[in-house]
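Presented below is the structure to which this report refers.
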Amino acid sequence: MSNNALVADVGGTNIRLAIANLEDLSIRSVITYQCADFANIDGAIRQYQQDSSEQFDLACIDVATAVLGDRVALTNNHWDFSQQEIKREFELTQLHVINDFTAIAMSVPHIRDDKKVQIGGQDAEPNKPIAIYGAGTGLGVAHMVHTGEKWLALSGEGGHVDFAPIDQDEINVLQQLQKKYKRVSTEQLLSGLGLVQIYQSLCAVEGIQAQQYKPADITQNALGDRDPMAVKTLQIFCRILGSFGGNLALTLTTFGGVYIAGGIVPRFIDYLKDSDFRQRFDAKGRFGKVVETIPVYVVTEEQPGLIGCAAYLQQEL
(Lines give C-alpha, C1' and ligand atoms only; values in the text may rest on other atoms or scores of the structure.)
Protein backbone atom coordinates (compact mmCIF):
# COMPACT_ATOMS: atom_id res chain seq x y z
CA MET A 1 0.00 0.00 0.00
CA SER A 2 1.45 3.33 -1.08
CA ASN A 3 1.11 6.80 0.44
CA ASN A 4 -0.50 8.03 -2.77
CA ALA A 5 -4.29 8.05 -2.98
CA LEU A 6 -6.88 9.14 -5.50
CA VAL A 7 -9.10 11.89 -4.08
CA ALA A 8 -12.17 13.17 -5.89
CA ASP A 9 -14.68 15.93 -5.28
CA VAL A 10 -17.97 15.28 -7.10
CA GLY A 11 -20.62 17.97 -7.47
CA GLY A 12 -23.65 18.39 -9.66
CA THR A 13 -21.64 19.80 -12.57
CA ASN A 14 -17.93 19.01 -12.10
CA ILE A 15 -15.67 16.30 -10.76
CA ARG A 16 -12.21 17.29 -9.52
CA LEU A 17 -9.65 14.51 -9.21
CA ALA A 18 -6.15 14.57 -7.78
CA ILE A 19 -3.48 12.49 -6.12
CA ALA A 20 -2.92 13.08 -2.42
CA ASN A 21 0.22 12.32 -0.43
CA LEU A 22 -1.15 10.89 2.81
CA GLU A 23 1.97 11.82 4.78
CA ASP A 24 1.73 15.59 4.35
CA LEU A 25 -1.74 15.90 2.69
CA SER A 26 -0.24 17.66 -0.32
CA ILE A 27 -2.28 17.52 -3.54
CA ARG A 28 -0.95 17.15 -7.09
CA SER A 29 -2.17 16.45 -10.62
CA VAL A 30 -5.53 18.17 -10.14
CA ILE A 31 -7.82 17.78 -13.16
CA THR A 32 -11.45 18.90 -13.49
CA TYR A 33 -13.98 17.26 -15.81
CA GLN A 34 -17.63 17.90 -16.63
CA CYS A 35 -19.82 15.16 -15.19
CA ALA A 36 -22.10 15.42 -18.24
CA ASP A 37 -19.25 14.14 -20.42
CA PHE A 38 -19.32 10.69 -18.79
CA ALA A 39 -22.03 8.07 -18.37
CA ASN A 40 -20.85 7.39 -14.82
CA ILE A 41 -18.01 8.09 -12.41
CA ASP A 42 -15.87 5.18 -13.61
CA GLY A 43 -15.48 6.84 -16.99
CA ALA A 44 -14.15 9.99 -15.36
CA ILE A 45 -11.69 7.99 -13.25
CA ARG A 46 -10.43 6.08 -16.31
CA GLN A 47 -9.99 9.37 -18.17
CA TYR A 48 -8.03 10.73 -15.20
CA GLN A 49 -5.73 7.71 -15.20
CA GLN A 50 -5.05 8.27 -18.89
CA ASP A 51 -4.53 12.04 -18.62
CA SER A 52 -2.45 12.06 -15.41
CA SER A 53 -0.53 8.76 -15.76
CA GLU A 54 -0.83 8.47 -11.97
CA GLN A 55 -1.00 5.15 -10.12
CA PHE A 56 -3.02 4.56 -6.93
CA ASP A 57 -4.55 1.74 -4.88
CA LEU A 58 -6.46 3.86 -2.33
CA ALA A 59 -9.28 6.29 -2.96
CA CYS A 60 -11.63 8.67 -1.18
CA ILE A 61 -14.48 10.30 -3.08
CA ASP A 62 -16.76 13.00 -1.73
CA VAL A 63 -20.20 13.38 -3.27
CA ALA A 64 -22.88 16.06 -3.07
CA THR A 65 -25.51 13.68 -1.79
CA ALA A 66 -26.25 11.51 1.24
CA VAL A 67 -24.22 8.28 1.42
CA LEU A 68 -26.58 5.69 2.88
CA GLY A 69 -25.28 2.40 1.56
CA ASP A 70 -23.33 0.77 -1.27
CA ARG A 71 -25.35 2.52 -3.97
CA VAL A 72 -24.58 6.21 -4.48
CA ALA A 73 -27.01 8.31 -6.55
CA LEU A 74 -26.01 11.91 -7.18
CA THR A 75 -28.71 14.46 -6.43
CA ASN A 76 -27.94 16.94 -9.21
CA ASN A 77 -26.56 14.78 -12.01
CA HIS A 78 -27.23 11.40 -13.63
CA TRP A 79 -24.44 9.38 -11.97
CA ASP A 80 -25.46 6.31 -9.97
CA PHE A 81 -22.79 3.81 -8.93
CA SER A 82 -21.92 0.95 -6.58
CA GLN A 83 -18.98 1.51 -4.26
CA GLN A 84 -18.06 -2.18 -4.37
CA GLU A 85 -18.08 -2.22 -8.18
CA ILE A 86 -15.79 0.83 -8.34
CA LYS A 87 -13.46 -0.76 -5.80
CA ARG A 88 -13.25 -3.97 -7.86
CA GLU A 89 -12.96 -2.22 -11.23
CA PHE A 90 -9.95 -0.16 -10.18
CA GLU A 91 -8.42 -2.86 -7.92
CA LEU A 92 -8.46 -0.61 -4.86
CA THR A 93 -7.40 -1.93 -1.47
CA GLN A 94 -9.66 0.68 0.14
CA LEU A 95 -12.39 3.00 -1.13
CA HIS A 96 -14.25 5.51 1.04
CA VAL A 97 -17.19 7.51 -0.30
CA ILE A 98 -18.24 10.37 1.96
CA ASN A 99 -20.56 13.38 1.88
CA ASP A 100 -19.04 16.52 0.36
CA PHE A 101 -19.44 18.52 3.55
CA THR A 102 -17.86 15.72 5.57
CA ALA A 103 -14.82 16.25 3.34
CA ILE A 104 -14.89 20.02 3.76
CA ALA A 105 -15.21 19.55 7.52
CA MET A 106 -12.23 17.19 7.58
CA SER A 107 -10.16 19.78 5.74
CA VAL A 108 -10.68 22.50 8.35
CA PRO A 109 -7.97 21.47 10.86
CA HIS A 110 -5.48 21.40 7.98
CA ILE A 111 -6.26 24.72 6.28
CA ARG A 112 -3.32 27.12 6.39
CA ASP A 113 -3.73 30.51 8.06
CA ASP A 114 -3.24 32.28 4.74
CA LYS A 115 -6.18 30.35 3.29
CA LYS A 116 -8.77 31.68 5.73
CA VAL A 117 -9.95 35.14 6.78
CA GLN A 118 -11.16 35.77 10.34
CA ILE A 119 -14.25 37.87 10.99
CA GLY A 120 -14.59 38.73 14.68
CA GLY A 121 -14.28 36.64 17.80
CA GLN A 122 -11.21 35.59 19.72
CA ASP A 123 -8.69 32.83 18.96
CA ALA A 124 -9.99 29.36 18.20
CA GLU A 125 -9.47 26.88 21.05
CA PRO A 126 -7.57 23.69 20.09
CA ASN A 127 -9.63 20.48 19.77
CA LYS A 128 -12.91 22.23 20.61
CA PRO A 129 -16.03 21.65 18.46
CA ILE A 130 -16.15 23.32 15.05
CA ALA A 131 -19.05 24.25 12.78
CA ILE A 132 -18.81 24.50 9.00
CA TYR A 133 -21.39 25.82 6.58
CA GLY A 134 -21.34 26.99 3.02
CA ALA A 135 -23.68 28.58 0.52
CA GLY A 136 -23.36 27.50 -3.08
CA THR A 137 -25.80 25.55 -5.21
CA GLY A 138 -27.31 24.54 -1.87
CA LEU A 139 -26.50 25.12 1.81
CA GLY A 140 -24.11 22.58 3.31
CA VAL A 141 -23.67 22.15 7.06
CA ALA A 142 -21.43 19.97 9.23
CA HIS A 143 -19.82 19.94 12.67
CA MET A 144 -16.51 18.53 13.88
CA VAL A 145 -15.73 17.14 17.32
CA HIS A 146 -12.42 15.79 18.61
CA THR A 147 -12.63 12.39 20.31
CA GLY A 148 -9.25 12.70 22.02
CA GLU A 149 -7.65 10.59 19.30
CA LYS A 150 -9.05 11.96 16.04
CA TRP A 151 -11.49 14.38 14.46
CA LEU A 152 -15.01 13.10 13.86
CA ALA A 153 -17.11 14.84 11.23
CA LEU A 154 -20.82 15.08 12.02
CA SER A 155 -22.48 15.54 8.67
CA GLY A 156 -26.17 16.12 8.21
CA GLU A 157 -28.74 18.17 6.36
CA GLY A 158 -28.70 21.28 8.54
CA GLY A 159 -29.22 23.54 5.54
CA HIS A 160 -32.80 22.28 5.33
CA VAL A 161 -33.93 23.45 8.77
CA ASP A 162 -36.84 25.91 8.90
CA PHE A 163 -36.01 29.48 7.98
CA ALA A 164 -36.45 31.78 10.99
CA PRO A 165 -36.88 35.48 10.07
CA ILE A 166 -35.62 38.11 12.49
CA ASP A 167 -36.73 41.48 11.13
CA GLN A 168 -39.57 42.82 8.99
CA ASP A 169 -37.64 42.55 5.72
CA GLU A 170 -37.05 38.86 6.35
CA ILE A 171 -40.68 38.35 7.36
CA ASN A 172 -41.72 39.94 4.05
CA VAL A 173 -39.38 37.63 2.12
CA LEU A 174 -40.71 34.59 4.01
CA GLN A 175 -44.30 35.55 3.23
CA GLN A 176 -43.47 35.81 -0.47
CA LEU A 177 -41.73 32.42 -0.48
CA GLN A 178 -44.65 30.84 1.36
CA LYS A 179 -46.70 31.54 -1.77
CA LYS A 180 -44.27 29.29 -3.64
CA TYR A 181 -43.39 26.61 -1.07
CA LYS A 182 -45.38 24.76 1.58
CA ARG A 183 -42.29 24.95 3.79
CA VAL A 184 -39.39 27.39 3.53
CA SER A 185 -35.98 26.08 4.53
CA THR A 186 -32.92 28.20 5.17
CA GLU A 187 -31.37 26.84 1.97
CA GLN A 188 -34.10 28.67 0.04
CA LEU A 189 -32.34 31.90 1.09
CA LEU A 190 -28.68 30.98 1.73
CA SER A 191 -27.71 29.66 -1.70
CA GLY A 192 -27.37 30.86 -5.27
CA LEU A 193 -31.08 30.31 -5.75
CA GLY A 194 -31.59 32.00 -2.39
CA LEU A 195 -30.01 35.23 -3.59
CA VAL A 196 -32.38 35.26 -6.56
CA GLN A 197 -35.40 34.46 -4.39
CA ILE A 198 -34.60 37.19 -1.86
CA TYR A 199 -34.25 39.66 -4.74
CA GLN A 200 -37.50 38.58 -6.42
CA SER A 201 -39.36 38.70 -3.10
CA LEU A 202 -38.16 42.23 -2.35
CA CYS A 203 -39.20 43.38 -5.82
CA ALA A 204 -42.64 41.82 -5.34
CA VAL A 205 -43.09 43.58 -1.99
CA GLU A 206 -42.09 46.92 -3.51
CA GLY A 207 -44.13 46.39 -6.67
CA ILE A 208 -41.01 46.59 -8.86
CA GLN A 209 -40.42 44.52 -11.99
CA ALA A 210 -37.64 42.05 -11.16
CA GLN A 211 -34.75 41.72 -13.60
CA GLN A 212 -33.81 38.29 -14.92
CA TYR A 213 -30.75 38.17 -12.70
CA LYS A 214 -28.51 35.21 -12.01
CA PRO A 215 -26.86 35.03 -8.55
CA ALA A 216 -23.62 36.57 -9.87
CA ASP A 217 -25.59 39.47 -11.37
CA ILE A 218 -27.06 40.27 -7.96
CA THR A 219 -23.73 40.27 -6.13
CA GLN A 220 -22.01 42.29 -8.85
CA ASN A 221 -24.78 44.90 -8.98
CA ALA A 222 -24.81 45.08 -5.18
CA LEU A 223 -21.05 45.45 -4.85
CA GLY A 224 -21.05 48.06 -7.60
CA ASP A 225 -24.02 49.88 -6.01
CA ARG A 226 -25.82 49.77 -9.35
CA ASP A 227 -29.22 48.41 -8.26
CA PRO A 228 -30.89 49.32 -4.93
CA MET A 229 -32.80 46.02 -4.81
CA ALA A 230 -29.59 44.06 -5.38
CA VAL A 231 -27.91 46.06 -2.61
CA LYS A 232 -30.75 45.29 -0.22
CA THR A 233 -30.69 41.63 -1.26
CA LEU A 234 -27.01 41.22 -0.37
CA GLN A 235 -27.51 43.08 2.92
CA ILE A 236 -30.30 40.69 3.91
CA PHE A 237 -28.30 37.68 2.72
CA CYS A 238 -25.40 38.68 5.02
CA ARG A 239 -27.74 39.15 7.98
CA ILE A 240 -29.33 35.75 7.52
CA LEU A 241 -25.87 34.21 7.05
CA GLY A 242 -24.86 35.69 10.41
CA SER A 243 -27.98 34.58 12.26
CA PHE A 244 -27.66 31.04 10.92
CA GLY A 245 -23.94 30.84 11.73
CA GLY A 246 -24.61 32.01 15.28
CA ASN A 247 -27.20 29.25 15.65
CA LEU A 248 -24.61 26.67 14.59
CA ALA A 249 -22.16 28.14 17.11
CA LEU A 250 -24.74 27.73 19.87
CA THR A 251 -25.64 24.16 18.94
CA LEU A 252 -22.28 22.70 20.02
CA THR A 253 -20.70 25.82 21.58
CA THR A 254 -18.12 25.72 18.82
CA PHE A 255 -15.14 27.36 20.52
CA GLY A 256 -13.00 25.78 17.80
CA GLY A 257 -14.55 28.26 15.39
CA VAL A 258 -17.22 28.57 12.74
CA TYR A 259 -16.00 28.19 9.15
CA ILE A 260 -17.77 29.47 6.04
CA ALA A 261 -16.99 27.59 2.82
CA GLY A 262 -18.91 27.32 -0.45
CA GLY A 263 -18.67 29.23 -3.68
CA ILE A 264 -20.56 32.43 -2.85
CA VAL A 265 -19.23 34.14 0.28
CA PRO A 266 -15.47 34.15 -0.56
CA ARG A 267 -16.31 36.48 -3.46
CA PHE A 268 -17.21 39.38 -1.14
CA ILE A 269 -15.28 38.96 2.10
CA ASP A 270 -14.61 42.68 2.58
CA TYR A 271 -18.30 43.45 2.06
CA LEU A 272 -19.19 40.75 4.61
CA LYS A 273 -16.85 42.32 7.17
CA ASP A 274 -18.62 45.69 6.81
CA SER A 275 -22.13 44.21 6.80
CA ASP A 276 -24.40 43.29 9.72
CA PHE A 277 -23.12 39.70 9.53
CA ARG A 278 -21.17 39.67 12.78
CA GLN A 279 -23.77 41.69 14.66
CA ARG A 280 -26.38 39.11 13.75
CA PHE A 281 -24.02 36.24 14.54
CA ASP A 282 -23.54 37.61 18.08
CA ALA A 283 -27.19 38.55 18.72
CA LYS A 284 -28.12 35.51 20.77
CA GLY A 285 -29.76 37.08 23.81
CA ARG A 286 -28.48 35.74 27.10
CA PHE A 287 -25.80 33.77 25.28
CA GLY A 288 -24.54 36.70 23.21
CA LYS A 289 -21.49 37.11 25.48
CA VAL A 290 -20.58 33.48 24.80
CA VAL A 291 -21.11 33.57 21.05
CA GLU A 292 -19.23 36.83 20.52
CA THR A 293 -15.98 35.13 21.61
CA ILE A 294 -16.28 32.45 18.90
CA PRO A 295 -14.21 33.21 15.79
CA VAL A 296 -15.65 33.02 12.28
CA TYR A 297 -13.39 32.19 9.34
CA VAL A 298 -14.12 32.43 5.63
CA VAL A 299 -12.27 29.63 3.84
CA THR A 300 -10.37 30.74 0.73
CA GLU A 301 -8.63 27.40 0.08
CA GLU A 302 -9.37 26.41 -3.52
CA GLN A 303 -9.62 22.65 -2.93
CA PRO A 304 -11.01 21.97 0.57
CA GLY A 305 -12.90 18.89 -0.61
CA LEU A 306 -9.77 17.22 -1.97
CA ILE A 307 -7.75 18.06 1.15
CA GLY A 308 -10.60 16.77 3.30
CA CYS A 309 -10.71 13.48 1.42
CA ALA A 310 -6.98 13.09 2.00
CA ALA A 311 -7.36 13.93 5.70
CA TYR A 312 -10.20 11.43 6.03
CA LEU A 313 -8.10 8.66 4.46
CA GLN A 314 -5.10 9.58 6.58
CA GLN A 315 -7.14 9.19 9.77
CA GLU A 316 -8.83 5.97 8.68
CA LEU A 317 -5.46 4.40 7.85
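The values are calculated or read from the model by the stated rules, or taken from the named source; none is laboratory data. From a predicted model like this one, the values you see are computed outputs, not experimental measurements. Positions of Cβ are generated from backbone atoms using ideal geometry, with glycine treated the same way; all protein chains shown enter the neighbour counts. Side chains included, ligands, DNA and RNA excluded: accessible areas come from the protein's heavy atoms. Shrake-Rupley method; radii C 1.70, N 1.55, O 1.52, S 1.80 Å.
Remarks
- Between 0 and 90°, nearest 10: helix 228-251 axis offset from the chain longest Cα axis: 60 degrees
- Centroid-to-centroid separation of segment 176-250 and segment 1-57 [C-alpha atoms, Å]: 35 Å
- Diffusion of segment 192-280 by Stokes-Einstein, at 4 °C in a medium of 1.567 mPa s and with Rh set to the Kirkwood radius over alpha-carbon pairs, works out to 94 µm²/s.
- Relative contact order, whole percent, for the chain stands at 22, derived from Cα pairs under 8 Å and 6 or more residues apart.
- Relative packing of peptides 246-257, 185-196, 16-27 - highest average C-beta neighbours within 10 Å first: 185-196, 246-257, 16-27
- Heavy-atom accessible area with a 1.4 Å probe sorts Met229, Met106, largest first, into Met229, Met106.
- Potential lengthening between Ile208 and Ser29 on full extension [0.36 nm per residue; Cα-Cα distance subtracted]: 59.5 nm
- The value of relative contact order for segment 221-291, using C-alpha pairs under 8 Å at least six residues apart, is 38 percent.
- Measuring nothing but protein heavy atoms, the accessible surface of the chain at 1.4 Å probe radius is 45 percent carbon and sulfur.
- Among the listed pairs Lys116/Lys289; Lys115/Lys273; Lys180/Lys273; Lys214/Lys273, those beyond 22 Å (Cα-Cα): Lys116/Lys289; Lys180/Lys273; Lys214/Lys273
- Extension gain, Leu193 to Arg71: 0.36 nm times the residue separation minus the Cα-Cα distance gives 41.1 nm.
- Cα pair distances of the chain binned at 20 Å [whole percent]: 32, 55, 13, 0
- The simple spin-label model puts a point 7 Å past each Cα toward its Cβ; for His146 and Arg183 those points are separated by 3.6 nm.
- For segment 83-164, the set of trypsin sites (Lys or Arg not before Pro) satisfying both a DSSP loop assignment and a count of at most 14 other C-beta atoms within 10 Å is given as Arg112, Lys150.
- Rounded to the nearest angstrom and listed largest first, the equivalent-ellipsoid semi-axes of segment 1-93 from its Cα gyration tensor are 20, 15, 13.
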